[in-house]
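The values are calculated or read from the model by the stated rules, or taken from the named source; none is laboratory data. Just so we're clear, the structure is a prediction, and the values are computed from it rather than from any experiment. We place every Cβ from the backbone using ideal geometry, glycine too, and count neighbours over all the protein chains shown. Accessible surface is based on the protein model in full, side chains and every heavy atom, while ligands, DNA and RNA are left aside. Shrake-Rupley method; radii C 1.70, N 1.55, O 1.52, S 1.80 Å.
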Amino acid sequence: MEKIILNKKAIHEYQQNKAPYLMIDFATEVVPGKSAKGYKDLNNDEWFFKVHWPNDPNMPGFLQLEALTQMSSLSILTMPNNKGEIMYLVSVNKVTFKKKIVPNSRLNIITKVIKYSNGFGTFEAKGFVNEEIACSGEFN
């Protein structure tokens, strides 16, 4: 089975989110139609740390979910004829936030395609910081 590695430039070729809303930096392993793994390095200069919350900076939950869905989307966008297409999120289920994601962290993301048919998919994704689960969810 083909495995793909994508740096930030290559990620831009497959999906349309751009800075500052691109929530993934590197895809370490993408198996088209099956799974995607990668990470987002979070430094002190991230725009959201300045406003959420100034005295207790952490990555907002909705951006954690965005990072998980962006990584998930790579497993479909790398399939033949899907490069550059737009994917829409229609539902989020089984979401958990277990650990704050703070500046100077790496959010490691592991995703899996549960089902994909006729342009609709279901994905399972987990985010880890220092090998501890920080967030997870299921997406359609």
note = Here the residues within region 1-21 that are assigned to a loop (DSSP other than H, G, I, E, B) and in contact (Cβ under 8 Å) with a residue 12 or more places away in the chain are 1, 2, 3, 7, 15, 16, 17, 20, 21
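Can you say whether residue 70 is polar (S, T, N, Q) and under 23 Å from residue 136 (Cβ atoms), as far as the supplied structure shows?
So residue 70 passes the test.
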ask   = Restricted to region 71-91, and to residues that are open to solvent by 60 Å² or more (accessible area, probe 1.4 Å) and β-branched (Val, Ile, Thr), which residue is farthest from residue 37 (Cα to Cα)?
value = 90
ask   = Can you tell me which residues in region 37-47 are open to solvent by less than 30 Å² (accessible area, probe 1.4 Å) and either over 24 Å from residue 92 (Cα atoms) or free of Cβ contacts under 8 Å to residues at least 12 places away in the same chain (or both)?
value = 46
task = Pick out, from region 22-140, the strands (runs of 3 or more DSSP E) lying fully within it that include 2 or more residues that are under 23 Å from residue 4 (Cβ atoms).
result = 26-31, 35-42, 105-117, 120-129
Residue 55 touching a strand residue (DSSP E or B) at 6+ places or on another chain (Cβ under 7 Å) and open to solvent by 40 Å² or more (accessible area, probe 1.4 Å) = no
request  = Would you check if there is a residue in region 111-120 being touching a residue at least 60 places away in the same chain (Cβ under 8 Å), buried (at least 22 other Cβ atoms within 10 Å of the Cβ) and out of contact with any helix residue (DSSP H, G or I) (no Cβ under 8 Å at 6 or more places or on another chain)?
outcome  = no
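Could you identify the single residue in 18, 50 that is under 15 Å from the mean Cα position of the chain (by Cα), exposed (fewer than 13 other Cβ atoms within 10 Å of the Cβ), of a type outside the set (Phe, Trp, Tyr) and more than 22 Å from residue 126 (Cβ to Cβ)?
The unique qualifying residue is 18.
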